[in-house]
Amino acid sequence: MRSVRFKVKGVLLDLDGTIVDSREAYLEAAKAGLAAIRQRLVDTTIVMDIPKRLEQNMPINHIINENNKQRFLEAYLDAYYQATSTKSKPMPNISETLKKLSQKAKLALITMRCVSKERIQEELLNFGLAEYFHHVITALNTCNPKPSPEALIECAKMLGIEPCECLVVGDSVADIRAGKNAGAKTVAVLSGIFTLRELEREKPDLILESVNQLPDFLD
């Protein structure tokens, strides 16, 4: 695996599942959404299935009755965005990793959260990670979120480089698809909610256990 090497000018990183662990926020969101439709959480496996499906615009009818879907989603998303402020936590050793990466390329963060970039920057500041990122782009800063390449292309432009000179790193199929759609190199990490098999199907250039391994693959 170490034969794979990247020489890039920019590294575009995902947030949830890559830089921070948001699993507890997903759990809080599922509980709140189900409570809103008076349904109990009886199968914990659905907790991580919900964000996977929402990210890929897949139906959740096997979990939520269509008549309750809108009420569930409103409560779910509201609880999720609130919970990320208190339940998300930085991945182990991520500050040291970002420091190493920032010495090799310009770093930017692209997240599908529908919140202001100022809110994300505040979260990064609280975690002691804000200094490493040149730019932050959220779902509010783009008309078409990942897997559209729009945010990645705009981010590369802001960094003063071409998308093909970037490496896109994330834990989801949307991250890898967005990277490929932008013409960038892609690295999938297994620290989020997607499985190895799901990520392998997207054929990223490299799959790692976590972003902490990435500096060893950058020239």
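Taken together, the values in this text are just the output of simple stated rules run on the coordinates, not laboratory data. None of these values were measured; they are calculated from a predicted model. Glycine also receives a Cβ, built like all others from the backbone with ideal geometry; neighbour counts cover every protein chain displayed.
Miscellaneous remarks
- Projecting label points 7 angstrom from Cα along Cα→Cβ for residue 126 and residue 61 puts them 3.9 nm apart.
- Taking Cα atoms only, the orientation of helix 69-87 departs from the longest principal axis of the chain by about 50 degrees.
- Compactness of segment 23-87 as Cα Rg over 2.2 N^0.38 Å, two decimals: 0.99
- Neighbour counting of Cβ atoms within 10 Å sorts the residues 168, 20, fewest neighbours leading, into 20, 168.
- Protection proxy ranking of 190-199, 142-151, by the mean of other Cβ atoms within 10 Å over each peptide's residues and highest first, is 142-151, 190-199.
- The alpha carbon centroids of segment 122-150 and segment 1-70 are separated by 18 Å.
- Above-threshold pairs, the threshold being 23 Å between Cα atoms, out of 69/180; 7/203; 146/203: 69/180
- The chain: Rg to Rh, with Rh as the Kirkwood radius over Cα pairs: 0.97
- Extension reserve of the residue 139-residue 69 stretch, reckoned as 0.36 nm per residue once the Cα distance is removed: 23.0 nm
- For the chain, the relative contact order works out to 27 percent when only alpha carbon pairs closer than 8 Å and six or more residues apart are counted.
- Between the Cα long axis of helix 23-36 and the first principal axis of the chain there is an angle of about 30°, rounded to the nearest 10.
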